1. If I model a spin label at Ala259 and Gln145 as a point 7 Å from the Cα along the Cα→Cβ vector, what separation in nanometres do I get?
2. For region 332-341, take each phi angle, set θ = phi - 60°, evaluate the Karplus expression 6.51 cos²θ - 1.76 cosθ + 1.60, and give the result in whole Hz per residue in order, putting x for glycine and proline.
3. State the Cα centre-to-centre distance between region 320-344 and region 350-365 in whole Å.
4. Starting from the exponent 0.38 and prefactor 2.2 Å, build the expected Rg for region 141-268 from its residue count and divide its actual Cα Rg by it.
5. Residue by residue, what Karplus-based ³J(HN,Hα) values in Hz, rounded to whole numbers, does region 269-276 have, using 6.51, -1.76 and 1.60 with θ = phi - 60° and x for Gly and Pro?
6. Could you calculate the contour length gain from Gln459 to Leu111, that is, 0.36 nm times the residue separation minus the distance between their Cα atoms, to one decimal place in nm?
7. Order of Tyr175, Tyr123 from fewest to most other C-beta atoms within 10 Å?
8. Starting from the 7 Å offset along Cα-to-Cβ, what nm value, one decimal, do you get for the label separation of Ala299 and Asp96?
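Please treat every number below as a calculation from the coordinates, not as lab data. Being a predicted model, the structure only gives us computed values, none of them experimental. Ideal geometry is used to build each Cβ from the backbone, glycine not excepted, and the neighbour counts take in all protein chains shown.
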Amino acid sequence: MRSPKAESEDRDVIIARGDGEDELCYDFHGLKFDCGSSGGKKKKSFHPPIETHWDLHPSASGKKSNPSPVKSLLSYPFMKFRKSKSLVMILEGVRDPKEKPIVESFREMLLQEGLVPPKHDDYHTLLRFLRMRDFDMLKSKEMFQNCLNWRKEFRVDLLPKEFNFTEYNEVKKCYPHGFHGVDRFGRPVYIERIGMVDLNKLGQVTTFERFIKHHVSEQEKTLKLRYPACSLVAKRHVASTTSILDVNGVGMSNFSKPARYLFMEIQKIDSCYYPETLNKLFIINAGSGFRMLWKAVKAFLDVRTVAKIQVLGSNYLSVLLEAVEPSNLPTFLGGNCTCSDHGGCLMSDRGPWKNPEVLEMIQVVNLREEIAGKCEDVEKATEDSSTPKKVDMQTKDDDNTMSLVEQTECPGSDCACNCKSAIQKIDCLEASLGEIKNKIKTLEDALQDTKMALKEHAQHSEQPKV
């Protein structure tokens, strides 16, 4: 017979919304730092999941949304699906009519102050910061500007070129973590086995600074690749992650100074620079030791983040299965998957973002958006070509600028016309490729026939006349 203490340890603990405490972030020395905190004692609003208003309406899609596996997506002809308007709607989502005017006003305010680089001029990005600050534009602007400054200092956009995490496999052995499958909505599932982390070995195979760069790289990959891929497969907009944290055996002794440093640095990055990307966090196998630790850890978390966390004991499986299908849960969490071909589930990075055809779709969409963005910039420049004004505009390298005078000195807006033409060419390029190949083959055959005819004519001309 189990003791009351054992039963209490297995009882589920659902963390409440919070009591309206100030929103604070801390650096690794335990000091407060400014990431646009609200201050005061005003209670924060708790918005529904960020995808709530982004489902396709039946009138928009013509069919009921179905978060089915990749197989359902690939039943469509690639070109037909790629060109359809529903593809754009899936990636962009259906916008909440109450939020849309606020986001547009926020964008205009940022544009007037030159605070929206082209690559971050994105509706959903701005919406994340607004939601994090309860749609207070001034506080959202401060947070957004802090994020842009951090990205420049951290060289986030240059990480793919400058940072190569060669110790990836070794790190996974002493810090088991990774993405694995999707939840029932279609969101990516992220898993960490904190109880198996060996910080001493981690410090031997990498540095904490490099691990943090790895974490930022994964956050960027999630925004730019995992969410779009999940959206395409689920056929509805996906914009957040469901996380599972296994804390079996974790207690106060695990919260050492190195552990606090790593935890607080990652928490600062996620809260201040990647807001509103967490859908739900399930903390499982929480014993009495972790529950004591949780009281200390909770102080470092944003109030809204705490509201998304559910702390569970060892009887967690039924709750997880409500959120994630067994096929997307590793066996060590009570699911059916082993990923035996990839060295284990947390080594596989299994998900829609690994499907080649889905990746091809995303690449095409990104190419079209890049060209469309350049066209919009050129069109704005040509509107004022009669009275050129020198306006600095950021290029791909944040450290360099170019003048729009160079673009506006060309009257007649040839550049804008060329951009529009380029977009049209992308639409018909693949369809025309087959016809071009057929024409080339026809020309080659005709050329061969002509050569044979000329050869026969030459032989006939050389014959003596009778």
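1. Taking the simple label geometry, Ala259 and Gln145 are separated by 3.9 nm.
2. My calculation for region 332-341 gives 5, 10, x, x, 10, 8, 10, 6, 4, 7 Hz in order.
3. With region 320-344 and region 350-365 each reduced to a Cα centre, they are spaced 22 Å.
4. Cα Rg divided by the expected 2.2 N^0.38 Å: 1.15.
5. Running phi through 6.51 cos²θ - 1.76 cosθ + 1.60 with θ = phi - 60° gives 4, 5, 6, 8, 10, 10, x, 6 Hz.
6. Taking 0.36 nm per residue and subtracting the Cα distance, the gain is 117.7 nm.
7. Values: Tyr175 23, Tyr123 15.
Lowest count first: Tyr123, Tyr175.
8. Between Ala299 and Asp96, the label points sit 3.3 nm apart.
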